[in-house]
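Heads up: the structure comes next, in structure tokens.
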Amino acid sequence: LQHMFLGTHQDNMADRKRKKRYSVKYGDDNPVSKLKESDIPVIRERIKNGHECYQIGREYGVTGEAILAIKHGRTWKHVC
């Protein structure tokens with residue numbers, strides 16, 4: 001048990017990241033994602049055509065903020 005040490009939750013998360021002992025799942029690989037990769041180009045096109053983010057979000061079952069994050073490139077960056 002020499003690999004164990006006391007620390008805060010933040011210490012534990014930093015250690016986990018440093019040792020690459022985590023898996024981040026994006027897009028269709030994320031089982032809890034309400035959106036699919038095929039939705040993103042459609043959403044971006046609708047944004048470009050002036051549709052309101054909150055309305056798009058309502059139709060897809062996500063928040064307007066989630067659609068804004070797509071619009072501003074904070075999420076779904078891996079989808080062209």
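Side notes on the structure shown:
- Odd one out for K25, checked against (1) surrounded by 10 or more Cβ atoms within 10 Å (Cβ to Cβ); (2) part of a helix (DSSP H, G or I): (2)
- Scanning the range 1-16 for residues that are surrounded by 11 or more Cβ atoms within 10 Å (Cβ to Cβ) and of a type outside the set (A, V, I, L, M) yields G7, D11, N12, D15, R16.
Read-outs: derived from the displayed coordinates by stated rules, not from any lab. In this text, all values refer to a predicted model and were calculated from it rather than measured experimentally. Cβ sites come from the backbone with ideal geometry, for glycine too, and all protein chains shown count toward neighbours.
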